[in-house]
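I have placed the structure first, in the form of C-alpha cells, so that the comments after it can refer back to it.
Every number here is computed from the coordinates shown, using simple stated rules; none is lab data. None of the values given here were measured: they were computed from a predicted structure. Neighbour counts are summed over all protein chains in view; Cβ atoms, including those assigned to glycine, are modelled from backbone coordinates with ideal geometry.
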Amino acid sequence: MRVWNATREVWLASKVEVADRFLRRLIGLLGRASLSPEDGLLITRCDSIHTIGMRFPIDAIFVDRDLRVVKTIEALKPFRVVFPVRRAVAVLELPAGTIRQTRTHVGDQLRFLD
C-alpha cells in the first residue's frame, strides 16, 4: 500500500504494511533493525503505541476515521510509550524524519492507495 498526503501533495511512503490482526499489531516493528525511506507500517484499530524493544526512532502519524491527521510525533525514541490519542483509530509508523521532510501537520488529509 502507498500513503499520499493529499493536503501537502506528497507521498509519505510507497511500501506500507498493514497490521490489522492482533498478533501483527502486537509485534509491530519489533525485530527490525531499521526502516528504509519508502517503508511504513499502518496499525489499524489503534490509538496508542510503544517503542519498547525497538532499536531505532520512528515518526508516528495518528489518524481519525476520515484519515485526517489528529497527532504527529517526530523521532519517537526506543522505549517510549504514547498514551491514547483522542479520535485516533489508526497510526502510521514511518522512518524518523518523514514528518518534517513532508511537512505533515495535524489536519492534513491522507489517502491510502493499493
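Tabulated values for the structure
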{"item": "Fraction of antiparallel bridges per DSSP, the chain only, in percent to nearest 5", "result": "85"}
{"item": "Percentage relative contact order, the stretch 34-114, counting C-alpha pairs under 8 Å, at least six apart", "result": "39"}
{"item": "Potential extension, Arg65-Ser48 segment - 0.36 nm per residue separation minus Cα distance", "result": "4.6 nm"}
{"item": "Distance cut-off 24 Å, percentage of C-alpha pairs in the stretch 2-113 lying past it", "result": "13"}
{"item": "Label-point gap, in nm, between Leu26 and Arg86 - each point 7 angstrom along Cα→Cβ", "result": "3.2"}
{"item": "Of Gly28, Gly97, Gly53, the one that fluctuates the most in a GNM where the chain has Cα springs shorter than 10 Å", "result": "Gly53"}
{"item": "Simple label model, 7 Å out from Cα along Cβ direction - Val18 to Ala6, nm", "result": "1.7"}
{"item": "Spin-label zone in the stretch 38-64 - amide nitrogen under 17 Å from a point set 7 Å from the Cα of Phe112 along the C-beta vector", "result": "39-49, 60-64"}
